Amino acid sequence: MMSDPVPHIRDMLGQLIAVPSISSASPKWDHSNEGVISILAGWLEDLGFTVEVMPVPGLKGKSNMIATLGQGPGGLVLSGHTDTVPFDESRWGSDPFQLTERDDRWYGLGTCDMKGFFPLAITAAREFVGKRLRQPLIILATADEESSMEGARALARAGRPKARFAVIGEPTELRPIRMHKGIMMDRLVLRGQSGHSSDPSLGRNALEGMHAAISEILTLRKQWQERYRNPGFQVPVPTLNLGHIHGGDNPNRICGECELHFDLRPLPGMDLDGLREAIRQKLAPVAEARELQFELNPLFAGVPPFETPADAELVRVCERLTGHAAEAVGFATEAPFLQQLGMETLVMGPGSIDQAHQPDEFLALSQIDPALQLLRQLIDYACLQDR
């Protein structure tokens, strides 16, 4: 009797969890994801997929993987990211790198966000191996979603993969998500001239300039919130958060430099470059009037907002299969980058976002069978039926 080329779901997840693949802007935390990619590639090659591992340009030790079963111009992409966030081991009740079962849950770093999606996608896919697929099935694994999203950006630049549909298995409790907000994080620096506080004419106060700049930024926020509104979101307006500020060094010195970090979450229909340019135009007169130098730079490249139309084929199919109307979420995903490749894109996977990025992250066992059934139905619809 021929042995099964791929382990059971639990064994697959245990192997993936055991391999650290944290991505972080901090070198202290950042890991390669190639160990996870190698494991996935081995399982999928054993099933008969054609596997290509694509190093991410400019990121040492980071790779994407495209695994394809079948041929054709359409088909379905099942996509997940291979990295996790950092963790605080002292707050975990079990080893984050060992899959632990208790209370009808699987615990481990990445169980729901989102290594747990891969064993389910592979297990669903194995039932179609040997069948005549009319359109290809592609399993996509990406790098650095939790930090820079450079893996997905690299795929968008390369123009691959191509398919008709793409489903990203982020934890949504198997509810279809067709919209999410974008995210941009920027750094504003104002530079003036320090001097003795007893005589304001001796310097140019960057902290006072920042006070005026913040007033302009908050005015823009009010205008955007009056102009843009989408009732599909729990918070129906774009948000702007002033998150970090630092300036000066002593009460009796005129502040020579002040720095502000802020985050903006735009709705679909709002352009990141346009928003940044609007901020720049508001701040330039503030700096000029006070003879301050100013810099406005992104802290990272940002993620555009995402929307797939409510009447798109993939939305209608997933609503029918799940019994849930497509929703909107506030967190960002790789969806806009896959959408740039021309695919109808949806976010839908097992687990809850409430467990993501948390100590004792878990995937409820009650999600396993429904996820498998849903993925099999999607594969059958997109890859097997005569379209």
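The values are calculated or read from the model by the stated rules, or taken from the named source; none is laboratory data. Since the structure is predicted, the reported quantities are computational estimates derived from the model, not experimental observations. All Cβ positions, even for glycine, are placed from backbone atoms using ideal geometry, and neighbour counts span all protein chains on display.
Below are the figures for this structure:
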read-out: Test result for Asp311, assigned by TED's automatic domain parsing to the domain that holds Phe165, out of contact with any His (no Cβ under 7 Å at 6 or more places or on another chain), over 30 Å from Gly151 (Cβ atoms) and surrounded by fewer than 13 Cβ atoms within 10 Å (Cβ to Cβ); value: yes
read-out: Residue list for the stretch 324-373, filter: within 29 Å of Pro231 (Cα to Cα) and of a type in the set (D, E, K, R); value: Glu327, Glu334, Glu344, Asp354
read-out: Test result for Arg387, more than 27 Å from Lys115 (Cβ to Cβ) and either modelled with pLDDT of 95 or more or surrounded by 19 or more Cβ atoms within 10 Å (Cβ to Cβ) (or both); value: no
read-out: Strands (runs of 3 or more DSSP E) completely within the stretch 271-387 that count 2 or more residues being within 16 Å of the chain's Cα centre (by Cα); value: 327-329, 344-347
read-out: Set Leu260, Leu296, Leu272, Leu283: member being more than 20 Å from His211 (Cβ to Cβ), surrounded by 14 or more Cβ atoms within 10 Å (Cβ to Cβ) and modelled with pLDDT of 95 or more; value: Leu272
read-out: Candidate set: the stretch 164-214, residues that are of a type in the set (Ser, Thr, Tyr) and in the same structural domain as Pro238 (by TED's automatic domain parsing); chosen: the one farthest from the chain's Cα centre (by Cα); value: Ser198
read-out: Test: residue in the stretch 281-293 that is closer than 23 Å to Thr219 by Cβ and of a type in the set (Val, Ile, Thr); value: yes
read-out: Filtered residue count, the stretch 73-93, keeping only those that are surrounded by 14 or more Cβ atoms within 10 Å (Cβ to Cβ) and of a type in the set (Gly, Ala, Ser); value: 4
read-out: Qualifying residue in the stretch 32-43 (condition: part of a loop (DSSP other than H, G, I, E, B) and within 16 Å of Asp113 (Cβ to Cβ)); value: yes
read-out: Members of the stretch 120-173 that are under 19 Å from Glu344 (Cα atoms) and surrounded by fewer than 19 Cβ atoms within 10 Å (Cβ to Cβ); value: Arg134, Ala156, Arg157, Ala158, Gly159, Arg160, Lys162
read-out: Set Leu363, Leu299, Leu314, Leu346: member being within 30 Å of Leu188 (Cα to Cα) and hydrophobic (A, V, I, L, M, F, W, C); value: Leu299
